[in-house]
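The structure appears below as structure tokens.
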Amino acid sequence: MSEEKKIPYKIYLEENEMPAAWYNVRADMKNKPAPILNPGTLKPVTFEELRGIFCDELCKQELDDTTPYFEIPEEIRNFYKMYRPSPLVRAYCLEKKLGTPAKIYYKFEGNNTSGSHKLNSAIAQAYYAKKQGLKGVTTETGAGQWGTALSMACAYLGIDCQVYMVKCSYEQKPFRREVMRTYGANVTPSPSDTTEVGRKILAEFPGTTGSLGCAISEAVEAAVTQEGYRYVLGSVLSQVLLHQSVIGLETKAAMDKYGIKPDVIIGCAGGGSNLGGLIAPFMGEKLRGEADYRFIAVEPASCPSLTRGKFVYDFCDTGKVCPLAKMYTLGSGFIPAPNHAGGLRYHGMSSVLSQLYHDGYMEAVSVEQTAVFQAAEEFARVEGILPAPESAHAIKAAVDEAVKCRETGEEKTILFGLTGTGYFDLVAYEKYNNGEMTDYIPSDEDLAKGFAGIPKFSGNEI
Ligand SMILES: *Cc1c(COP(=O)(O)O)cnc(C)c1O
């Protein structure tokens, strides 16, 4: 392939399927994701503007939609070796239980202490911060997986880590909080009175249990007001999808080794990073016309950004301090109903995945949380792994596809991303086990409230 000539180093190491470079799917997209905009000027954000918020190297990755491969620095590769390559598992027991002729595979990202794929990007972001000589990084965390992953990465590299944790999770997930503190992170429940934006949100919505969008605003403010700090984000951004491509590259290498070609590739979608990473090299083939695959994004019916959102420029955070991104969104003021336990709470979606979905390269489905937990239970009982509720969205969709194959007799190969373990989600499992879990699907009026907060300017009509 001509691609090989352009790359001055090997994409794969010799000894196993671990890649030595990340793949940037934007390079193969004809319709590039729309540029992120400065909310003040509505002009594309420049490197100079962005570098006040993010580390320099990460700004470059964020703004680069033409370079297909980025070499993975050796120190990051060495860190990856502690828990990668991650297992690619044939779900024989689940296939048998479902009585399906389909072949089901899953790529399991829960084999590290943080328990999810988020560590893949956390170590990269912490590495570039350290390389730039910064003192530390600030971030938000919702359910806590990202904060945990970042604390581990920062502890490994010896830099400071400040985490704003969505208040309801801070209270409901004390164990996550303590893992972060054990790794040396400073954890603050958000909204808090430690930032200007936090105080403003508290005044406007007293008693709020917080949201990811709100915690992002606080973390950004903390980064720009402290010398030697930058902000890092665990999903949504194109740089995060780039780092997560390690999931898809490993999967593809392993499948190629055994001559297996998936027909359907499924992933849960919160901000889009695991899905974007898993599908990256397969999507690249589809975009270049070399192969065809079906891709399915699975989201909760209670936070349905792709299936019911608008494809417009929106704020990435409640405090409206971040650049505007063109994406499928429910509006930055959208907060999922409090009975929603299953993660994937973010109001928007990666602009890369949004564009691919808009252009018809990917499908999306939404699933209700009780059905998601049923799928999680079924999976746990036969495959042995207690899945994260987020991951169980992908399980639910994979099971549905496999059941369809049972009915049609098709021997499809289904691949899904099992993003993490559910050990810290036992409050949600308890609710499910007690029969107290409910499904709340927002009405059109509920969604209209979120859409009303989408910025209005010429060309951005909803
Ligand atoms: C964060 C998380 C997700 C969702 O985030 P994406 O960026 O959409 O991948 C899914 N599963 C687990 C286990 C997570 O921690």
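The values are calculated or read from the model by the stated rules, or taken from the named source; none is laboratory data. Predicted model only: the values in this text are computed from it and were never measured. Note that each Cβ is placed from the backbone with ideal geometry, even for glycine, and that neighbours are counted across all protein chains shown. Keep in mind that these areas ignore ligands, DNA and RNA; they rest on the heavy atoms of the full protein, side chains included. Shrake-Rupley method; radii C 1.70, N 1.55, O 1.52, S 1.80 Å.
Taking first residues from the range 393-407 that are within 15 Å of residue 267 (Cα to Cα) and partners that are hydroxyl-bearing (Ser, Thr, Tyr) and buried (at least 22 other Cβ atoms within 10 Å of the Cβ), the Cβ contacts under 7 Å between residues at least 6 apart in sequence or on separate chains come to 402/100. With respect to (1) modelled with pLDDT under 95; (2) under 27 Å from residue 311 (Cα atoms), the lone exception for residue 25 is condition (1).
For the range 424-462, filtering for residues that are surrounded by fewer than 16 Cβ atoms within 10 Å (Cβ to Cβ) and closer than 30 Å to residue 107 by Cβ leaves 5. Within the range 194-210, being farther than 26 Å from residue 341 by Cβ and buried (at least 17 other Cβ atoms within 10 Å of the Cβ) holds for 195, 197. For the range 206-245, a residue qualifies if it is in contact with a Cys (Cβ under 7 Å, 6 or more places away or on another chain), within 16 Å of the ligand (Cβ to nearest atom) and at pLDDT below 90, and exactly one does: 216. Restricting 421, 413 to those that are more than 14 Å from the ligand (Cβ to nearest atom) and open to solvent by 10 Å² or more (accessible area, probe 1.4 Å) reduces the list to 413. Against the criterion of being assigned to a helix (DSSP H, G or I), out of contact with any helix residue (DSSP H, G or I) (no Cβ under 9 Å at 6 or more places or on another chain), under 21 Å from residue 164 (Cβ atoms) and not charged (D, E, K, R), residue 219 qualifies. For residue 254, the test of being of a type outside the set (Lys, Arg), in contact with a strand residue (DSSP E or B) (Cβ under 7 Å, 6 or more places away or on another chain) and more than 15 Å from the ligand (Cβ to nearest atom) is passed.
For residue 368, indicate whether it is modelled with pLDDT of 95 or more, more than 22 Å from the chain's Cα centre (by Cα) and either surrounded by fewer than 16 Cβ atoms within 10 Å (Cβ to Cβ) or more than 30 Å from residue 63 (Cβ to Cβ) (or both).
No; evaluated as a whole, the condition is false for this residue.
I'm checking my understanding of the structure. Among residues of the range 424-457 that are among the aromatic types (Phe, Trp, Tyr) and touching a helix residue (DSSP H, G or I) at 6+ places or on another chain (Cβ under 8 Å), which one is nearest to residue 168 (Cα to Cα)? Selected residue: 424. Filtered by the rule that a residue be open to solvent by 50 Å² or more (accessible area, probe 1.4 Å) and out of contact with any Gly (no Cβ under 8 Å at 6 or more places or on another chain), the range 379-410 gives 381, 384, 400, 404, 407, 408, 410.
Out of all the residues in the range 243-271, which are assigned to a loop (DSSP other than H, G, I, E, B) and touching a Ser or Thr at 6+ places or on another chain (Cβ under 9 Å)? Answer for the range 243-271, where residues must be assigned to a loop (DSSP other than H, G, I, E, B) and touching a Ser or Thr at 6+ places or on another chain (Cβ under 9 Å): 260, 261, 262, 263, 269, 270, 271.
All conditions but one from (1) modelled with pLDDT under 95; (2) within 16 Å of the ligand (Cβ to nearest atom) apply to residue 391; the one that does not is (1). Might you let me know whether the range 432-444 holds any residue that is among the polar types (S, T, N, Q), within 14 Å of the ligand (Cβ to nearest atom) and at pLDDT 95 or above? No: the range 432-444 contains no residue that is among the polar types (S, T, N, Q), within 14 Å of the ligand (Cβ to nearest atom) and at pLDDT 95 or above. Only residues that are under 23 Å from residue 410 (Cα atoms) and within 16 Å of the ligand (Cβ to nearest atom) were counted across the range 260-281, and they come to 4.
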